[in-house]
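The structure under discussion appears below in the form of structure tokens.
Every number in this text was worked out from the coordinates using simple rules, so none of it is lab data. Bear in mind that the values here come from a model prediction, so they are computed numbers and not experimental data. Cβ atoms come from the backbone with ideal geometry, glycine included; neighbour counts cover every protein chain shown.
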Amino acid sequence: MSEPVAISETTLAAHTEDSVAALAKRLDADDYPNPFDSLSDWHLMRALAIHRPDLARPYVHLVDQEPFDEE
């Protein structure tokens, strides 16, 4: 089982359009060796949608949640 990855401000700041596109591709394919890997990617995309909406906007449908308030 994979260890959960801490999602820090540094982690979020390190993401680029290309890395978010790769994350979205993995989520969309939903071909993970175990559900924990999928959940880890989902949490990362959700954090990006909240803290880096400029990068995550094209993929926010993968988060599948109600609109949120950042405050």
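Please report the relative contact order for the stretch 9-61, taking Cα pairs under 8 Å with a sequence separation of at least 6, and give it as a percent rounded to a whole number.
Numbers: 27 pairs, mean separation 20.7, N = 53.
Once divided by the residue count of the stretch 9-61, the mean separation gives 39 percent.
At 0.36 nm per residue, and after removing the present C-alpha to C-alpha distance, how many nm does the segment from SER19 to VAL60 gain when stretched out fully? Walk me through the intermediate numbers first.
On the way: separation 41, 0.36 × 41 = 14.76 nm, distance 1.47 nm.
Answer, rounded to one decimal: 13.3 nm.
How far, in nm, would the chain grow between ASN34 and GLU9 when pulled straight, counting 0.36 nm per residue and subtracting the alpha carbon separation?
6.4 nm
Which order results if SER40, SER19, SER8 are arranged by neighbouring Cβ count within 10 Å, fewest first?
Working: SER40 17, SER19 13, SER8 10.
The fewest-first ordering by Cβ neighbours comes to SER8, SER19, SER40.
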